[in-house]
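For reference, the structure is listed below as structure tokens.
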Amino acid sequence: MPEIQSLYRKYGWFTIILVLFILAKLPAMQLPYFWDELGVYSRAGLYLHDNGLGLLPKNLPPELSRGHPLLFSFIHGCGYFIFGDGVVGGHITGLIIALFLLLSIYKIAYHHFDQKTALLSVMLVIVQPVFFAQSILVLPEICLALFMLWAIHYWSIRKYGWYALMSTAAILIKETAIIIPVVVITASIINWLVQRPKKSSGFQWKQLLVVTPFLIFGLFLIIQRQQNGWYLFPLHGENVDFKIKKIIEFGIDFMSFTFIEQGRLVLLAAGLVIAIILLYKKLGHYHNFTTYLFMLFVGGILFSSLNFFMNRYLVFAIIPLIIVFAHLLITAVATYRWLYVFVPLVFFAGMISMYGYELYPVSDETMSMEAKFHYDEDMSYIYFLDAQIEAVNFVNERANNTTQFFVNFPMVFAFNEPRFGFPVSKTKTIIQVKTKQKGFEYAIISNPGSYDFKLPEGDSLRLVKMIKNEVVEIPIYEPNFEW
């Protein structure tokens, strides 16, 4: 009985929060796949499900692996075997990964701080639109955040073998984990400089495991070179850019997303007020693990600024800031209980922003739909899916098994594969892109979408249907004459 009471005190409120989170995600479980999960990641997991599981580059065609390590696709391939190979199976796997991340946040924050900090961290992470939206999607960012957080935790408590294991898993999810050794070494140096311990534990040979991600990724690249003929996916090489102007521009955009957008301006303001109070009143004390969390954020911003720009990549960098904020708030309210007012303010700021509403406007009516598009950063992606489903139904009602049509990305993958969650089509799809596209009976163009095509100009096409909402427009054309 005492053991049950102890478990309830430790995990009771956390379990309630998790159940509420699961209930909130249930309506989205049967939604079709969206954008990159439709075009790449779900297809990769299904390929491994259909053709055999494996972790080597040869196990996935390059157009699906994109040169990335295969652990994430492997996990989803296993998920398709366990939960079924439809969208529900894919989203259940994604939800389980998200639940493990929330449990990890709770346990790690509990270990380094206290239970109140752990509970508040979990609550505030859940209401971040970028997390809530991705928490069931077949995308690697949540899984990456899971293993990166455990890696820095184990390094900070000097369990270097477990660090090696978690950092290996992280680098096999995505190359971004290459920053982990730099993060933990930098944080360790800062902690030493600040605290200057009289007695140092000295160098341990196990600390050489810090380079594990480098070695594992290097080995993966060598194998990839042998099996695919290249180290890095050719189309991705141009995304890495060391030009100072580009790094600064991306850095500013990422800082804006992290601290201002999605209602986090409220979190920033609250954090500044709390930090000033703590410093002025000399409350609290220096904590080693906050340095690791902060350096994970800094490393995430810097690495992302060198790479292809996608706000969703910052999930693993935003979570450490949430934990630090929760720790500072719980520390401050021990003396100034009125500071609890910031909890509902930050919570509701995230809720208000969940479906794309901009509490602090960063877009305006003069911007194109592509420039305003939030992709999978918040739940507004469901409006895009609504339009996609309507477009597929419209064409299906008018097509037969000989109908040919052209569709741009991402909608092109919505046809002919029922496991992607869209209405089944009997049509024949033209998916190849020519300099000047023609030969179709219908052209379905999503904006935002890919633009690497050119439709016939002038009076050769007529608009037969325009599907439009706040995030996407999908014109459907027919030719005015036979090709």
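The values are calculated or read from the model by the stated rules, or taken from the named source; none is laboratory data. Since the structure is predicted, the reported quantities are computational estimates derived from the model, not experimental observations. Backbone-built Cβ (ideal geometry, glycine too); neighbour counts: all protein chains shown. Quick note on the areas: whole protein, heavy atoms, side chains included, nothing else; ligands and nucleic acids left out. Shrake-Rupley method; radii C 1.70, N 1.55, O 1.52, S 1.80 Å.
For the reader, a short list of remarks on this structure follows.
- From the options LEU53, LEU38, residue that is among the hydrophobic types (A, V, I, L, M, F, W, C) and assigned to a helix (DSSP H, G or I): LEU38
- Per-region count, segment 378-409, residues out of contact with any helix residue (DSSP H, G or I) (no Cβ under 8 Å at 6 or more places or on another chain), among the hydroxyl-bearing types (Ser, Thr, Tyr) and modelled with pLDDT of 85 or more: 2
- Looking across segment 113-150, the residues that are of a type in the set (S, T, N, Q) and either over 11 Å from ILE319 (Cβ atoms) or in a helix (DSSP H, G or I) (or both) come down to GLN115, THR117, SER121, GLN134, SER135.
- When the helices (runs of 4 or more DSSP H) confined to segment 219-338 are screened for residues that are closer than 30 Å to LEU56 by Cα, those reaching at least 3 such residues are found at 288-306, 315-333.
- Candidate set: segment 342-399, residues that are open to solvent by less than 80 Å² (accessible area, probe 1.4 Å) and of a type in the set (S, T, N, Q); chosen: the one nearest to TYR442 (Cα to Cα): ASN396
- So SER380, is it over 21 Å from the mean Cα position of the chain (by Cα) and either among the small types (Gly, Ala, Ser) or within 17 Å of GLU473 (Cα to Cα) (or both): no
- Looking only at residues in segment 70-99 that are assigned to a loop (DSSP other than H, G, I, E, B) and open to solvent by 10 Å² or more (accessible area, probe 1.4 Å), the one that is nearest to TYR231 (Cα to Cα) is ASP85.
- Condition met for SER188 (more than 21 Å from the chain's Cα centre (by Cα), modelled with pLDDT under 90 and small (Gly, Ala, Ser)): no
- Residue among GLY263, GLY284 that is farther than 30 Å from PHE220 by Cα, open to solvent by 40 Å² or more (accessible area, probe 1.4 Å) and touching a residue at least 12 places away in the same chain (Cβ under 8 Å): GLY284
- Residue, nearest to the chain's Cα centre (by Cα), within segment 448-483, restricted to residues that are part of a loop (DSSP other than H, G, I, E, B) and of a type in the set (D, E, K, R): GLU470
- Restricting ILE126, ILE152, ILE171, ILE157 to residues that are hydrophobic (A, V, I, L, M, F, W, C) and surrounded by fewer than 20 Cβ atoms within 10 Å (Cβ to Cβ) narrows the list to ILE157.
- Test result for LYS465, modelled with pLDDT of 90 or more, touching a Phe, Trp or Tyr at 6+ places or on another chain (Cβ under 6 Å) and open to solvent by 10 Å² or more (accessible area, probe 1.4 Å): yes
- A residue that is β-branched (Val, Ile, Thr) and without any contact (Cβ under 8 Å) to a residue 12 or more places away in the chain can be found somewhere in segment 74-91.
- For segment 124-156, a residue qualifies if it is aliphatic (A, V, I, L, M) and either modelled with pLDDT under 95 or under 12 Å from ILE97 (Cα atoms) (or both), and the qualifying residues are ILE136, LEU137, VAL138, LEU139, ILE142, LEU144, ALA145, LEU146.
- Qualifying residues in segment 269-281 (those that are touching a Ser or Thr at 6+ places or on another chain (Cβ under 9 Å) and without any contact (Cβ under 8 Å) to a residue 60 or more places away in the chain) - the one nearest to MET351 (Cα to Cα): LEU278
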